[in-house]
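Structure first, then comments.
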């Protein structure tokens, strides 16, 4: 049984996940879904609290992925309080309470047996205030002895985030590993829990379908226009007819300007919004060539055997992310929209099978959460 005895009372094991999911953003949602499904297999009797900024959206996105899922925003309510009006530190807030509007949430947080910061690129200099989340979790551990975990972190460009006091930390790229002085790990999206995709074999080098996504956020000056022009020229150079060109949104709204700029080369029914992709899935495979700025498009499409181009419009952040996948054998072109790379698109190698990150990520998860009955 997974019921624990504490203070003479029996209750469920409580796992508190802290995630940037709920915005929504395909990558953060994917990472969170991976962990929820894993925990549904390995900790089905645990109570899993998922802490995000948007618990209502979180409930809609992840309903049914774990039998005892509770959506909350305890950590993020505390973060907003200390950034906006609270005079105490976030650690004091968690330890001492005294916040009538959300003390009940903090009390629940302080009952966690495990607090787990899920991966992604939200602990770095770009969003330096998020380091306060880690301070809050250390206060939880000081209060209750909860174990502190962080997996699949992307820490570049390096900011104030400190994982002192954490029982386990893994990162997804070499610069982040060097920053902490630990071994390089892998993105949490590689946690496939024994159901890794088996891409169908390519029968030819022909590109049967193109998939596009050009974001307009977190981009250097002029990068959006260059990336749009690159995608348009790639479609033309490969001679792909409009009816076989699709556009896939990762962040609702934010990725729409790219579609608006490229709609004349995308099939009339070729726009896939985030919601449609999340609810019904999206075919990915070796018959496709992707051109995308989005990191988790690169990860997932290459994992399913698709070739592609990762367009980098934000140096120091996206270039590190995309190269972390290319280093594992995606064989995608990582480029700041250099026209010279377009001529090589027909000769791109198929991605490898990613056995190492898939095996290592599953082993990490099993070590952190051994299966219980």
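The values are calculated or read from the model by the stated rules, or taken from the named source; none is laboratory data. Values in this document were obtained by computation on a predicted structure and should not be read as measured data. A quick note on method: Cβ atoms are made from the backbone with ideal geometry, for glycine too, and the neighbour counts reach across all protein chains shown.
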Single residue of 180, 149 found to be closer than 12 Å to residue 119 by Cα, assigned by TED's automatic domain parsing to the domain that holds residue 33 and touching a strand residue (DSSP E or B) at 6+ places or on another chain (Cβ under 9 Å): 149
Within region 319-332, restricting attention to residues that are in contact with a strand residue (DSSP E or B) (Cβ under 8 Å, 6 or more places away or on another chain) and part of a helix (DSSP H, G or I), which residue is modelled with the lowest pLDDT? 319
State the number of residues belonging to region 139-153 that are crowded, with 21+ Cβ neighbours inside 10 Å and assigned to a helix (DSSP H, G or I). 2
Hey, any hits in region 307-314 for a residue that's over 18 Å from residue 232 (Cα atoms) and assigned by TED's automatic domain parsing to the domain that holds residue 233? yes
Is it fair to say residue 316 is part of a loop (DSSP other than H, G, I, E, B) and modelled with pLDDT under 95? yes
Give region 263-297 a look and list any residue that's touching a strand residue (DSSP E or B) at 6+ places or on another chain (Cβ under 7 Å), in a helix (DSSP H, G or I) and farther than 15 Å from residue 25 by Cβ, or say none. 265
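Yes or no, residue by residue, for (1) modelled with pLDDT under 95; (2) touching a strand residue (DSSP E or B) at 6+ places or on another chain (Cβ under 6 Å); (3) surrounded by 14 or more Cβ atoms within 10 Å (Cβ to Cβ); (4) not assigned by TED's automatic domain parsing to the domain that holds residue 18:
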| position | (1), (2), (3), (4) |
| --- | --- |
| 185 | no, yes, yes, no |
| 201 | yes, no, no, yes |
| 214 | no, no, yes, yes |
| 218 | yes, no, yes, yes |
| 241 | no, no, no, yes |
| 254 | yes, no, yes, yes |
| 258 | no, no, yes, yes |
Do we find a residue being closer than 30 Å to residue 225 by Cα, surrounded by 14 or more Cβ atoms within 10 Å (Cβ to Cβ), in contact with a strand residue (DSSP E or B) (Cβ under 6 Å, 6 or more places away or on another chain) and modelled with pLDDT of 95 or more anywhere in region 333-353? yes
Restricting the search to region 305-329, which residues are surrounded by fewer than 24 Cβ atoms within 10 Å (Cβ to Cβ) and within 17 Å of residue 186 (Cα to Cα)? 317, 319, 320, 323, 326, 327, 328, 329
